[in-house]
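Take a look at the structure below.
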Amino acid sequence: MKLADRFVDLATRSVPLRTLIFRRLLLRFPIGSWAQRLRSAAVRRPHYAWCLYYAALQAKGLGYHAITVVELGVAGGNGLLCLCDHASQVRKELGVDIRLVGFDSGGGLPTTRDVRDLHYVWPPGSFEMDRQALEKRLAGRAELLLGNVSETVPRWQPPAEAPLGCVMFDLDLYTSTREALPILTKANVLPRIWCYFDDIRGYPDMALTDYIGEGAAVREFNDDPQRSVVRDNISPAHVFHGIPREPWHEQMYVYHRLTHPQYDICLSQSEHQLKLVA
Ligand SMILES: C[S@@+](CC[C@H](N)C(=O)[O-])C[C@H]1O[C@@H](n2cnc3c(N)ncnc32)[C@H](O)[C@@H]1O
């Protein structure tokens with residue numbers, strides 16, 4: 001982008017320029033707690049960190065020592081490596097261990113025939129993985145499950161000691177997301193699973209709606225009355241005063257397992273009496 005265009009872009013965003021500059025600085029020179037930098041979105045991929053942190057907080061409240069976090073669609077592995085960094089921060093802050101699992105074909109986007117798979121945006125074979133290079137960088141911090149998610153997801157179960165706590169959906173295609181969404185219905189999960197959907201919104205040339213791509217898969221998943229819905233009302237702009245809405249806020253979802261035996265346990269630390277003031 002030309003310098004002048006870059007300036008126009010930055011100077012007119014809903015997030016003040018000062019905030020964007022400070023965030024950049026905080027990435028280079030991190031001060032304060034990681035949790036505060038997360039609330040200020042001054043960490044890499046705040047959407048990933050947000051899901052991880054709040055899933056771990058829920059797990060801690062329920063007495064779990066570990067959770068499983070899944071990335072669906074790994075490609076080169078930048079997202080999974082970012083999750084590794086966030087996981088070590090969450091371990092330090094909350095004492096909850098994070099088991100990371102990345103699902104991917106290894107060979108990029110599969111060839112599919114469904115017209116809702118956005119072939120006009122991504123051709124088959126996009127986002128191939130260099131498995132050797134990625135495994136070297138991961139150095140055992142995350143497990144890679146390679147193969148088509150239509151086969152790997154049904155075969156997989158979260159480990160007994162680490163219920164599934166959050167899922168990053170980044171498979172791009174309607175069919176792949178449809179095949180992967182039942183991961184939320186596994187037996188060993190937290191009562192509420194934090195989810196991020198990368199392609200539920202996008203650039204104008206993607207022309208996304210709820211009837212194609214990830215959005216269509218989510219809509220169909222939610223149509224089934226046997227399942228609890230995936231929906232957001234929890235993004236930072238709702239929670240913290242003075243935080244302007246940012247694009248990633250629209251991509252945060254939560255799956256509620258209403259039938260979970262621990263669903264009703266109160267985890268709130270707030271004061272629950274409103275005494276008459278003098
Ligand atoms: C956009 S890339 C993921 C990018 C990654 N999450 C990141 O942030 O760096 C999408 C990935 O989904 C994978 N994928 C899509 N459909 C799949 C399927 N049916 N089974 C396995 N992997 C699939 C592709 O291999 C591709 O690497």
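Each value in this text was obtained by applying a stated rule to the coordinates, not by laboratory testing. This is a predicted model, so every value here is computed, not measured. Methodologically, a virtual Cβ is constructed for each residue, glycine included, from the backbone with ideal geometry; neighbour enumeration extends over all protein chains shown.
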Cβ-placed point charges (K, R +1; D, E -1), dipole of region 34-256 about Cα centre in debye, nearest 20 = 800 debye
Residues THR152, THR12 arranged by fewest to most Cβ contacts within 10 Å | THR12, THR152
More than 18 Å apart: what percent of Cα pairs in region 90-196 qualify?
-> 55 percent
If unit charges are put on Cβ atoms (+1 for Lys and Arg, -1 for Asp and Glu) and the dipole of region 34-256 is taken about its Cα centre, the option from VAL69, HIS119, TYR203 lying farthest towards the positive end turns out to be VAL69
Expressed in angstrom and rounded, the centroid-to-centroid distance over alpha carbons for region 49-74 and region 83-116 is 12 Å
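Would you kindly state how much longer the chain becomes between LEU3 and ASP114 on full extension, computed as 0.36 nm times their sequence separation minus their alpha carbon distance, in nm to one decimal?
My answer for the length gained is 35.9 nm.
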Gyration tensor (Cα only) of the chain to equivalent ellipsoid, semi-axes in Å sorted down, yields 28, 26, 21
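Using the Cβ atoms and a cut-off under 14 Å, what net charge is assigned to the surroundings of HIS260, where Lys and Arg are +1 and Asp and Glu are -1?
With Lys, Arg at +1 and Asp, Glu at -1, the net is +3.
Considering only the other residues whose Cβ falls under 12 Å of the Cβ of ARG91, what net charge follows from Lys and Arg at +1 and Asp and Glu at -1?
With Lys, Arg at +1 and Asp, Glu at -1, the net is +1.
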Divide by every residue of the chain the summed helix terms, -39500 (n - 2.57) for each DSSP H run of at least 4, and state the resulting mean residue ellipticity at 222 nm, rounded to the nearest 500 deg cm²/dmol.
-> -10000 deg cm²/dmol
Computed E for ASP130/MET206 - FRET, C-beta separation, R0 25 angstrom, nearest 0.05 | 0.45
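Please arrange MET206, MET252 by counting, for each residue, the other beta carbons lying within 10 Å of its beta carbon, fewest first.
Lowest to highest Cβ neighbour count: MET206, MET252.
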Taking Cα pairs under 8 Å and at least six residues apart, what relative contact order does the chain come out at, in percent?
-> 18 percent
Could you line up TYR263, TYR253 from fewest to most neighbouring Cβ atoms inside 10 Å?
-> TYR263, TYR253
